[in-house]
Amino acid sequence: MRYSVVMFTFPIGVFFIFHHLIFAQDKDSLKWSGMAAVVAANTVIAAYVRMAWQEDRDHNNSAKRNKTD
């Protein structure tokens, strides 16, 4: 659930911050803000995949330990 909320709010927040604060005077502000939002969304996806991979590895390690005990 946490990643769903972050996946929705983080790219939108990044877009508006870039559009209104960082590139406010640039004529291509929509392009740069959109690209920053895409990078933000991909960052959240990568964090989710890394967390899931780590969780799976931890689960497999604990299962191996239980078999040897």
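The values are calculated or read from the model by the stated rules, or taken from the named source; none is laboratory data. Since we're looking at a predicted model, the values are computed, not measured. Note that we place each Cβ from the backbone using ideal geometry, even for glycine, and neighbour counts take in every protein chain shown. The area values use the complete protein model at the heavy-atom level, side chains included, leaving out ligands, DNA and RNA. Shrake-Rupley method; radii C 1.70, N 1.55, O 1.52, S 1.80 Å.
Which number in (1) more than 10 Å from the chain's Cα centre (by Cα); (2) at pLDDT below 90 marks the one condition that Tyr3 misses? Of the numbered conditions (1) more than 10 Å from the chain's Cα centre (by Cα); (2) at pLDDT below 90, the odd one out for Tyr3 is (1).
Could we say that Ala46 is on the phi < 0 side of the Ramachandran plot and touching a Phe, Trp or Tyr at 6+ places or on another chain (Cβ under 6 Å) here? Spell out how you get there, then give the answer.
On the way: on the phi < 0 side of the Ramachandran plot: yes; touching a Phe, Trp or Tyr at 6+ places or on another chain (Cβ under 6 Å): no.
No; evaluated as a whole, the condition is false for this residue.
Report, by residue number, each residue of region 26-69 that is modelled with pLDDT of 90 or more, open to solvent by less than 80 Å² (accessible area, probe 1.4 Å) and outside any helix (DSSP H, G or I). The answer is Asp28, and nothing else.
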